[in-house]
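Contents: one structure, followed by commentary.
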Amino acid sequence: CALLGRRLVEAGCRFVGIDGPGWDVHFNCFPSLAGDLIPPADQAFAALVTDLQQRGMLDETLVVWTTEFGRMPTHQAGTTGRDHNPDAYTCWLLGAGVRGGVSYGSSDDFGRRAQEKPTTVWDFYATVLHLLGFDHTKLTWYYNGLDRRITDVHGNVIAELLA
C-alpha cells in the first residue's frame with residue numbers, strides 16, 4: 001500500500017490515504033502488536049519515508065500517520081487487551097513544511113492524559129490544512145442553517161511544528 005501510495009503521488013494524485021490491517025486489538029494485544037502489526041507497519045513507513053526522500057518528493061509531500069484514538073495504559077478488565085483512550089495518543093507529521101526532529105507535547109507518567117501542550121483535534125486539523133496550503137479559518141461546512149468552521153472556533157496552527 002505504501003509503494004502504491006508513493007506511485008500515486010508521483011503520478012500526480014494530490015491526496016492518498018493508506019490503510020493497514022486492523023489495530024483494534026482488545027484481546028491478545030501485545031503478541032498481536034509484536035508479531036503481526038508493528039513489524040510490517042514499521043518497515044512500510046520507513047521504506048515510504050526513505051523512498052520519498054531519495055526521490056526528492058518529501059519536501060512537497062505531507063505524510064501524516066494518525067489514528068482516531070490512543071490506547072489506555074492499563075489492561076481491559078478480564079482481558080489482555082487495552083481499551084480506547086481519546087485523551088492521549090500520538091500523531092506523526094513529516095515533510096511539506098514540518099520541522100524535523102520535533103516532539104510536541106507529552107502525556108502524564110501513565111500515558112493516560114495529555115499533560116504538556118495538550119492539543120485539540122481542531123489544532124491538528126488547522127496545522128495539517130496550513131501545511132496543505134489552506135487557510136483553515138476560511139474553510140466552512142454548512143450545518144443546521146449555519147456555516148461552521150471546519151477547525152471549530154478554537155483551532156490554531158501549531159507554529160512550533162512548522163519549519
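With all protein chains present, how much of the accessible area of the chain (probe radius 1.4 Å) comes from carbon and sulfur, to the nearest whole percent?
55
Among [x] 195; [y] 125; [z] 147, find the value of volume of the Cα convex hull per residue in Å³ that was calculated from the structure presented, and write down its label.
[z]
Please give the calculated 222 nm ellipticity per residue for the chain, where each DSSP H segment of at least 4 residues contributes -39500 (n - 2.57) and the sum is spread over every residue; nearest 500 deg cm²/dmol?
That calculation yields -7500 deg cm²/dmol at 222 nm.
Roughly speaking, what is the stretch gain from Phe134 to Leu3, that is 0.36 nm per residue apart minus the C-alpha to C-alpha distance, in nm to one decimal?
Contour length minus Cα-Cα distance gives 44.5 nm.
Could you order Lys138, Lys117 so the one with the most accessible surface comes first? Probe is 1.4 Å.
Greatest to least solvent exposure: Lys138, Lys117.
If amide hydrogens are placed 1.01 Å from N in the peptide plane, which non-local residues have theirs closer than 5 Å to the one on Val98?
Here the answer is Ala163, since their amide H atoms fall under 5 Å of that of Val98.
Would you mind pulling out the separation of the Cα centroids of region 1-20 and region 84-163, in Å?
Cα centres, region 1-20 to region 84-163: 23 Å.
Across region 139-154, in residue order, what do the Karplus-derived ³J(HN,Hα) couplings come to in whole Hz, using 6.51 cos²θ - 1.76 cosθ + 1.60 with θ = phi - 60° and x for Gly and Pro?
3J(HN,Hα) across region 139-154, in whole Hz: 8, 10, 9, 8, 8, 6, x, 10, 7, 10, 5, 4, 9, 6, 7, 9.
Please calculate how many Å² of accessible area region 26-124 carries per residue, with a 1.4 Å probe and no DNA, RNA or ligand atoms counted.
Values: 6340 Å² over 99 residues.
Roughly 64 Å² per residue, with all protein chains present.
To the nearest 20 Debye, how big is the dipole of region 1-98 about its Cα centre, given +1 on the beta carbon of each Lys and Arg and -1 on that of each Asp and Glu?
Values: 6 positive and 11 negative charges, 26 e Å.
Roughly 120 debye, rounded to the nearest 20.
For a quick check of understanding: with a 1.4 angstrom probe and all protein chains in place, what accessible area in square angstrom does Cys1 have, to the nearest ten?
For Cys1, the solvent-accessible surface is approximately 110 Å².
Percent antiparallel among DSSP beta bridges with both residues in the chain, to the nearest 5?
Numbers: 12 of 12 bridges.
So the antiparallel bridges in the chain amount to around 100 percent.
The values are calculated or read from the model by the stated rules, or taken from the named source; none is laboratory data. Keep in mind that what you see is a predicted model, and the values were worked out from it rather than measured. Note that we place each Cβ from the backbone using ideal geometry, even for glycine, and neighbour counts take in every protein chain shown. Each accessible area value is taken on the protein alone, full model and side chains, heavy atoms only, with ligands, DNA and RNA left out. Shrake-Rupley method; radii C 1.70, N 1.55, O 1.52, S 1.80 Å.
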